[in-house]
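Everything on this sheet refers to the single structure shown next.
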Amino acid sequence: MDIYLVGGAVRDKLLGLPVKERDWVVVGSTPEEMLRHGYRPVGKDFPVFLHPVTHEEYALARTERKTAPGYKGFVVHASPEVTLEEDLRRRDLTINAIAEHSDGTLIDPFKGREDLAQGLLRHVSAAFVEDPVRILRVARFAARFSRYGFKVAHTTHALMQRMVESGEVDHLVAERVWAETFKALNEDTPSRYFEVLHHCGALAMIFPELARLFGVPQPAHHHPEIDTGVHTLLVLDQAARLSPITRVRFAALVHDLGKGETPVEILPRHIGHEQRSVTLIEALCKRLRIPNDFRDVAVKVARFHSHCHRAFDLRPGTLLETLMSLDAFRQPGHLEEFLLACEADIRGRAGLEDRPYPQADLFRAACAAARAVNAQALAEQGMQGAALGERLRELRTQAVAQVCAQFTSQGRSD
């Protein structure tokens, strides 16, 4: 029985990155032998065991044979006769197909170290086309290693295009799409994930609402980059720069979906795109089973980001209504996420990446002033029902008006 460290742990060690988790492959063993050594079985589709002390995963060397479309359409064969090279051959990318023996010896039959040195994401074998999830994984690794200049190999890109054309991508299930997308959104350069999917044609199949944004023009005086799809990816990367919160990044990604359905005759203006975006976000989240808290923040950003951009032009009553619609008094954390996504939108424009955004400060100050108006004090004065609500709104509007006046007098206009 020979045991090898494999996959991401070896790759990240060679890149000089911290190793977050370790996976092992066991060659020459059987399930019975693993049980005798105290390993606990956890694999359903193939033999995987947890180490009795470290609880790390140890998988028996295996091969896979394609029998049906989709990522579950495989027959797995695990036996003591399966070699290490056969196990490595079934993996997606050469940089993930390097093994390390306990004595430190590297086994690299597919030249993964060369691809690491050259910054290439290259498939191991033609069997790559058998699993559509691999398209998402390649795109995610492109986002993860963008800072090191990694590119998708031309031959791998061609295989990904072939998978799209053959309909293999149609067999991706919602849970796997969102799982990979969630991970990609948490990378430093999440835009690369969507760029790779767009270039191979998969974006139009998986995220058609996003794909429709590319080539749609916007007014050049507001958007020097002009193209709405380009703007969207710039906004996403700005959101990643501003916040580690995944909900903020997702909201930034989808805030302008409605611009993909703007009537051609009114382009490059996008009147009414906010509500169109809301409708598309709700449908996208339902289709991919995206968590409700992601949907709720994204809908608020889509519906009210234009209000935030025009904060200094809003009447105090309108600003208060917007804060109430954002549920800012009960969920101040969601207000902050909303403001971060709006700031990313302003900064996600060619040449304007460091543009100040005092509108967010006005929203924060107005919210604080309105919240300071004490409804309990009014109730103690004998007010109740509609009269209390009307007075509370009146006093909050006055408080917001004072904040607006202060910002204007300080020269904090847009």
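The values are calculated or read from the model by the stated rules, or taken from the named source; none is laboratory data. No experiment lies behind these values; they were computed from the predicted model shown. Virtual Cβ from ideal backbone geometry, glycine too; neighbours counted across all protein chains shown.
Could you figure out which of (1) touching a Gly at 6+ places or on another chain (Cβ under 7 Å); (2) modelled with pLDDT of 95 or more isn't true of Ala99?
Failed condition: (1).
Of the conditions (1) farther than 18 Å from Asn186 by Cβ; (2) in contact with an Asp or Glu (Cβ under 7 Å, 6 or more places away or on another chain), Ala283 fails just one. Which one is it?
Here Ala283 meets the rest and fails (2).
Has the range 343-357 got at least one residue that is farther than 22 Å from Ala252 by Cα and free of Cβ contacts under 8 Å to residues at least 12 places away in the same chain?
Step one: list which residues in the range 343-357 are farther than 22 Å from Ala252 by Cα, which gives none.
The answer is no; no qualifying residue exists.
Can you tell me which residue is nearest to Arg355 (Cα to Cα) among those in the range 328-341 that are outside any helix (DSSP H, G or I) and free of Cβ contacts under 8 Å to residues at least 12 places away in the same chain?
Filtering the range 328-341 down to residues outside any helix (DSSP H, G or I) leaves 328-331.
Right, trim to free of Cβ contacts under 8 Å to residues at least 12 places away in the same chain and you get 330-331.
Values: Arg330: 30, Gln331: 27 Å.
Among those residues, the one meeting the criterion is Gln331.
Sort out which residues of the range 257-274 are crowded, with 20+ Cβ neighbours inside 10 Å and in a helix (DSSP H, G or I), and write them in order of number.
First, pick out the residues of the range 257-274 that are crowded, with 20+ Cβ neighbours inside 10 Å: 257-260, 262, 270, 273.
The answer is Leu257, Gly258, Lys259, Gly260, His273.
If I filter the range 311-333 for residues that are surrounded by fewer than 21 Cβ atoms within 10 Å (Cβ to Cβ), out of contact with any strand residue (DSSP E or B) (no Cβ under 7 Å at 6 or more places or on another chain) and more than 28 Å from Ala298 (Cβ to Cβ), do I get at least one hit?
No: zero hits.
With respect to Glu195, is the statement that it is in contact (Cβ under 8 Å) with a residue 60 or more places away in the chain and at negative phi true? Before the answer, list the steps.
Details: in contact (Cβ under 8 Å) with a residue 60 or more places away in the chain: no; at negative phi: yes.
When the stated conditions are applied, Glu195 does not pass them.
When Val82 is evaluated against the numbered criteria (1) among the β-branched types (Val, Ile, Thr); (2) closer than 19 Å to Val25 by Cα; (3) surrounded by fewer than 16 Cβ atoms within 10 Å (Cβ to Cβ), which criterion, by number, is the only one it fails?
Unmet for Val82, out of (1) among the β-branched types (Val, Ile, Thr); (2) closer than 19 Å to Val25 by Cα; (3) surrounded by fewer than 16 Cβ atoms within 10 Å (Cβ to Cβ): (3).
Given (1) within 24 Å of Leu15 (Cβ to Cβ); (2) at pLDDT below 95, identify the lone condition not met by Gly167.
(1)
Here is a check on your reading of the model: is Gln398 polar (S, T, N, Q) and more than 17 Å from Pro316 (Cα to Cα)?
So Gln398 fails the test.
Hey, does the range 269-279 have a residue that's among the basic types (Lys, Arg), modelled with pLDDT of 95 or more and touching a Leu at 6+ places or on another chain (Cβ under 8 Å)? It would help to see each step written out before you state the result.
Just the residues of the range 269-279 that are among the basic types (Lys, Arg), to begin with: 269, 276.
Cutting the leftovers down to modelled with pLDDT of 95 or more gives us 276.
Those left that are additionally touching a Leu at 6+ places or on another chain (Cβ under 8 Å): 276.
Checking the range 269-279: at least one residue is among the basic types (Lys, Arg), modelled with pLDDT of 95 or more and touching a Leu at 6+ places or on another chain (Cβ under 8 Å).
If you go through the range 275-283 one residue at a time, do you hit one that is within 25 Å of the chain's Cα centre (by Cα), of a type outside the set (Asp, Glu), buried (at least 20 other Cβ atoms within 10 Å of the Cβ) and not in a helix (DSSP H, G or I)?
No, every residue in the range 275-283 fails to be within 25 Å of the chain's Cα centre (by Cα), of a type outside the set (Asp, Glu), buried (at least 20 other Cβ atoms within 10 Å of the Cβ) and not in a helix (DSSP H, G or I).
Taking Thr156, is it under 30 Å from Arg249 (Cβ atoms), in a helix (DSSP H, G or I), under 21 Å from the mean Cα position of the chain (by Cα) and not assigned by TED's automatic domain parsing to the domain that holds Val26? Don't jump to the end; show me each part of the working.
Values: under 30 Å from Arg249 (Cβ atoms): yes; in a helix (DSSP H, G or I): yes; under 21 Å from the mean Cα position of the chain (by Cα): no; not assigned by TED's automatic domain parsing to the domain that holds Val26: yes.
So Thr156 does not fit the description; no.
Which of the numbered conditions does Asp131 fail, given that it passes all the others? Conditions: (1) assigned by TED's automatic domain parsing to the domain that holds Ser29; (2) at pLDDT 90 or above; (3) among the acidic types (Asp, Glu).
Checking Asp131 against (1) assigned by TED's automatic domain parsing to the domain that holds Ser29; (2) at pLDDT 90 or above; (3) among the acidic types (Asp, Glu), the one that fails is (1).
Taking the range 98-118 only, how many residues are touching a residue at least 40 places away in the same chain (Cβ under 8 Å) and either part of a helix (DSSP H, G or I) or under 27 Å from the mean Cα position of the chain (by Cα) (or both)? Working first, answer last.
The first filter runs over the range 98-118 and keeps only residues touching a residue at least 40 places away in the same chain (Cβ under 8 Å), leaving 98-102, 106-107, 112-113, 116.
This time we only want the ones that are either part of a helix (DSSP H, G or I) or under 27 Å from the mean Cα position of the chain (by Cα) (or both), so: 112-113, 116.
Of the residues in the range 98-118, 3 are touching a residue at least 40 places away in the same chain (Cβ under 8 Å) and either part of a helix (DSSP H, G or I) or under 27 Å from the mean Cα position of the chain (by Cα) (or both).
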